[in-house]
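Structure first, commentary second.
The values are calculated or read from the model by the stated rules, or taken from the named source; none is laboratory data. Values in this document were obtained by computation on a predicted structure and should not be read as measured data. Every residue, glycine as well, gets a Cβ built from its backbone with ideal geometry; the counts of neighbours run over all protein chains shown.
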Amino acid sequence: MKKCINKRCKHNLDDDFKFCPYCGKSQSKLPQKESKRPNGTGSIYFRKDNKTNPYAASSSITGARVYIGSFPTKTAALRALQEYEYNPVTSFNITLEQLHMEWQTVAYKNLGKSVQENYNAAWRKLAPIYKRKFRDIRTGEMQAIIDYYEAPHHEEGAGGKLKYLDEAGNGTYKITDTPKICDGLKYSALHKIKCLLTSMYTYAMRNDIVNKNYAEFIELPPKNETSRSRFTDVQLERLRQSIGTVPFADYIYAMCYLNFRVSEFLELTPDSYKIVDNNIAVFIGGKKTEAGTNRIVPIHPKIKEIVQNCIDKNGETIFCDTNGRAMTANQFRNKYFYPAISTLGFPEDLTPHSCRRTFSTRMSAAGARQEDIIALMGHTDFSVDINHYINQEAKTLYNAILKMA
């Protein structure tokens, strides 16, 4: 026997009665109402206006109410609330744009100007997700941006402003019905976008904003192997012979023996020039990496006269413009390097970076020790030079294997 659960009825009933015959009350026990969360520990509530993620969570554990987000299930909302209250951060709802501002303040202190410019160019490509809450961004959203720029796409000008075609077919920033389409970005440019995102995720994880790096799962297209050009011995000799007749051929020739990056090369000053033990002339310079900063690079006898002539110009830098002013990497490339390459009839895929590849390839072919190449190139790992700079010719590789017994 049991009593009716209706307090007003209180009749005795058999145990198998599902309804009270006196008051009609169902004898099934009602689920107990969930106890209310203690004040100040946050809340979870149901939103009728969000069918996909109807359970919202918020917390005021830090003193100010913070909206954590909306979730598909109550369990997911509770988990997010518990995670937040276990380690509350004021930047829980920080957007990608806000995080970038924080990250930039810290990261740019240790980066060279050229690296900063590369990151700035990569950042402009992420405009579609600037306002997204960083915690909510997933690999798919970032991958979509990479895929967009890998394919032919709407060309962007200064500051990410879109370009269009006018009636004459010329490019313009004035909006027309015809967008100006450009070729997809190469691996290096897409890789910089991934590097930027990876660096930002590292910063966010260090500050407990997220606990997983979704940028590491971004897939990039295969590298373009044909872009790893260098000067052949014949081209290098022709370059030497053209000094005095082809403007700035001496600069290009010197770069092949100094192996500095183009920005490092153009920033060398008379203070960078030193005479050390045994009357050896060296440059002390470099940047970008810890191993590459202020490294010692001996001056080869073949370019000693070139270096001295440039020092005697008394310009702002040793390798300066014709007016004595310092040059940027872009000014040197477009104003002097590519015109010189064109005049000499060399392949168009040669770039200032080809000078570094030429240096490391010739050093390796000459049998230089691995640790010496590492020190001169400013790298910390010989595999970097093997994979990206050293392009051994078949004859060189053949002579190398003949050394094995």
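Data for the structure
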| item | result |
| --- | --- |
| Residue ID - farthest from the chain's Cα centre (by Cα), chosen from residues in region 1-25 that are surrounded by fewer than 13 Cβ atoms within 10 Å (Cβ to Cβ) and part of a strand (DSSP E or B) | Asn12 |
| Qualifying residue in region 174-185 (condition: crowded, with 17+ Cβ neighbours inside 10 Å, within 20 Å of the chain's Cα centre (by Cα) and not basic (Lys, Arg)) | yes |
| Breaking point among (1) at pLDDT below 55; (2) part of a helix (DSSP H, G or I), for Lys403 | (2) |
| Those helices (runs of 4 or more DSSP H) lying entirely in region 84-188 with at least 3 residues under 30 Å from Phe71 (Cβ atoms) | 96-107, 139-150 |
| Residue list for region 200-216, filter: among the small types (Gly, Ala, Ser) and either modelled with pLDDT under 90 or surrounded by fewer than 18 Cβ atoms within 10 Å (Cβ to Cβ) (or both) | Ala204 |
| Pair list, Cβ < 7 Å and 6+ apart or interchain, from region 318-343 residues that are in contact (Cβ under 8 Å) with a residue 40 or more places away in the chain to residues that are among the polar types (S, T, N, Q) and surrounded by fewer than 19 Cβ atoms within 10 Å (Cβ to Cβ) | Ile318/Thr269; Ala329/Ser114 |
| The listed residue being free of Cβ contacts under 8 Å to residues at least 24 places away in the same chain, farther than 30 Å from Ala204 by Cα and hydrophobic (A, V, I, L, M, F, W, C), out of Ala168, Ala144 | Ala168 |
| Candidates Ile193, Ile218, Ile243, Ile252 - the one that is within 30 Å of Val282 (Cβ to Cβ) and touching a Leu at 6+ places or on another chain (Cβ under 8 Å) | Ile252 |
| Criterion: under 30 Å from Ala127 (Cβ atoms) and surrounded by 17 or more Cβ atoms within 10 Å (Cβ to Cβ) - qualifying residue of Ser272, Ser242, Ser229, Ser263 | Ser263 |
| Single match in Glu117, Glu141 (criterion: surrounded by fewer than 17 Cβ atoms within 10 Å (Cβ to Cβ), over 27 Å from Val262 (Cα atoms) and not small (Gly, Ala, Ser)) | Glu141 |
| Residue that is modelled with the highest pLDDT, among those in region 271-289 that are touching a helix residue (DSSP H, G or I) at 6+ places or on another chain (Cβ under 9 Å) and of a type in the set (D, E, K, R) | Lys287 |
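Yes or no, residue by residue, for (1) in contact with an Asp or Glu (Cβ under 7 Å, 6 or more places away or on another chain); (2) within 20 Å of Leu126 (Cα to Cα):
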| residue | (1), (2) |
| --- | --- |
| Lys163 | yes, yes |
| Glu167 | no, no |
| Gly171 | no, no |
| Lys180 | yes, yes |
| Gly184 | yes, yes |
| Tyr187 | no, yes |
| Ile193 | no, yes |
| Asn207 | no, no |
| Phe217 | no, yes |
